[in-house]
Structure formats: structure tokens, C-alpha cells
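Engineer: Structure provided below as C-alpha cells; questions to follow.
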Amino acid sequence: MIAKRNFLIAALALMLAGCANSSGPVDEAGNPLEPLTIVTASGEHAFMVEIADDDAERERGLMFRPPLADDRGMLFQFPDVAERGFWMKDTPSSLDILYIDAAGRIVSIARHTTPYSQAIIPSNGGAKGVLELRAGRSEEIGAQPGDSVRHPFFGG
């Protein structure tokens, strides 16, 4: 009887721990996702993004990962505004890379980047955030420099 009670207590503890960790949406691999909207001349376009907000996450990025779905992305968050440069080392699928200023305005877009390339792709202006989307997605939604990105990181 005691063993059964201990088993039930352990099972309940595991269930509660699982509920505590599932505070929001996650992707297929269990990575937390947050909503982000890109506002272009064609309208508002909703995405669910994984956040890379520390050095290890920013360094790893989307390396060794399968292609992104149309409504997914990764938002790299930096503590300051600076010229940024990304590369595609160990990234198997082409991406669109959007460099974003502190106010949430797109500074520049590198479209259809080359998988596995170690060439640096510059932001060509100060960026506080960088958004990676599936290659071609920024063109499909009509994203251009000057368009807005809405996410709490950019104050909105």
C-alpha cells in the first residue's frame, strides 16, 4: 500500500511539473514559441518565433535544424544596437535574414541565403534584433526595409 501511495505521489509530482513547464506554445522539439507580427504594405503577417537571447542560443541559431515552416522563425535578441553580421555555417536550409532596429523597423533583408556558407551577411545598419525566416518568405509577404516588426522585445 505504501509503495502504491509513493508511486501515485511521484506520478502526481511529475504531472504538476509538466504543467508548470508548459506555460505557452512550443514547437515540435519542445522549444518555447512567442507570437511576432510583420506589418507590410500587404497587411499583417503572424509568425511564431523561437527566441535566441543569450550568447549560446545566438551562436547555435538554426544550425543543424530542418527547414522552417511558413509561420515559424527565430528572433535573435541583442542587448544593444550595433552593426550585425550573420553566417550560414552548419545551417542546412536557405533563410531570409531580417535585421531590425530598436524601434522594430526592418533595417535590411538578406534573401535566400546560401546554406552552409561562412560568408558574413552584414546588416548594413544598426540592428538590435535579427529575424530568420524560411527562404522566400519575406518576399511572399512583401517585407521591405522600413516595414514594422511587432514583438514585446521592440516595445510593442
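Engineer: Output the 0 to 90 degree angle, nearest 10, between the alpha-carbon long axis of helix 2-21 and the longest principal axis computed from the alpha carbons of the chain.
Structural biologist: The two axes meet at around 20 degrees.
Engineer: A further question follows. Pop out the ³J(HN,Hα) list for region 32-46 in order, Karplus 6.51 cos²θ - 1.76 cosθ + 1.60 with θ = phi - 60°, rounded to Hz; leave Gly and Pro as x.
Structural biologist: Result, rounded to whole Hz: x, 10, 10, x, 8, 10, 9, 9, 10, 4, 8, x, 9, 10, 8.
Engineer: Next question, about the same structure. Averaging sequence separations of C-alpha pairs under 8 Å and six or more residues apart, then dividing by the length of the chain, give the relative contact order as a whole percent.
Structural biologist: Working: 315 pairs, mean separation 36.4, N = 156.
Reported as a whole number, the value is 23 percent.
Engineer: Pick out, from ALA103, VAL149, SER117, the residue whose Cα sits farthest towards the positive end of the charge dipole of region 103-156, with +1 on the Cβ of Lys and Arg and -1 on the Cβ of Asp and Glu.
Structural biologist: Farthest towards the positive end: ALA103.
Engineer: Using θ = phi - 60° and the Karplus curve 6.51 cos²θ - 1.76 cosθ + 1.60, what whole-Hz ³J(HN,Hα) does each residue of region 53-64 get, with Gly and Pro shown as x?
Structural biologist: 10, 9, 4, 5, 5, 5, 5, 6, x, 9, 4, 6
Engineer: Once fully extended, how much extra length lies between THR37 and ARG65, figured as 0.36 nm per residue of separation less the alpha-carbon to alpha-carbon distance? Each step should come with its number before you reach the end.
Structural biologist: Working: separation 28, 0.36 × 28 = 10.08 nm, distance 2.28 nm.
Residue separation times 0.36 nm, minus the Cα-Cα distance, leaves 7.8 nm.
Engineer: Which ³J(HN,Hα) values, rounded to whole Hz and listed in residue order, are derived for region 76-83 from phi using the Karplus coefficients 6.51, -1.76 and 1.60 in 6.51 cos²θ - 1.76 cosθ + 1.60 with θ = phi - 60°, glycine and proline given as x?
Structural biologist: So the Karplus estimates, Gly and Pro as x, are 8, 10, 10, x, 9, 9, 7, 5 Hz.
Engineer: Kirkwood hydrodynamic radius for region 76-128: how many Å is it when counted over pairs of different Cα atoms?
Structural biologist: Values: mean 1/r = 0.0884 Å⁻¹.
Averaging 1/r across every pair of different Cα atoms and inverting gives 11.3 Å.
Engineer: Expected output is a single nm value to one decimal: the length gained when fully extending between ASP27 and SER94, i.e. 0.36 nm times separation in residues minus the C-alpha distance. What is it?
Structural biologist: Working: separation 67, 0.36 × 67 = 24.12 nm, distance 1.97 nm.
Full-extension gain reported as 22.1 nm.
Engineer: Among PRO66, PRO122, PRO92, determine the one that fluctuates most according to a GNM of the chain built with springs between C-alpha atoms less than 10 Å apart.
Structural biologist: It is PRO66.
Engineer: With springs only between Cα atoms under 10 Å, which of MET74, MET88, MET63 fluctuates most in a Gaussian network model of the chain?
Structural biologist: Top of the fluctuation ranking is MET63.
Engineer: If you don't mind, another one. Using the C-alpha gyration tensor of region 50-156, what are the square roots of 5 times its eigenvalues, in whole angstrom, with the largest one first? Before the final figure, lay out each step's value.
Structural biologist: Values: eigenvalues 72, 48, 35 Å².
Semi-axes, largest first: 19, 15, 13 Å.
Engineer: Give, rounded to the nearest 20 debye, the magnitude of the charge dipole that the chain has about its Cα centre when Lys and Arg contribute +1 at Cβ and Asp and Glu contribute -1 at Cβ. List each step's numbers first, then the result.
Structural biologist: Numbers: 14 positive and 21 negative charges, 87 e Å.
Around 420 debye, computed over the chain.
Every read-out reported here was derived from the displayed coordinates using simple, explicitly stated rules and does not represent laboratory data. Source: prediction; values computed, not measured. Neighbour counts run over all protein chains shown; Cβ positions are idealised from the backbone, glycine included.
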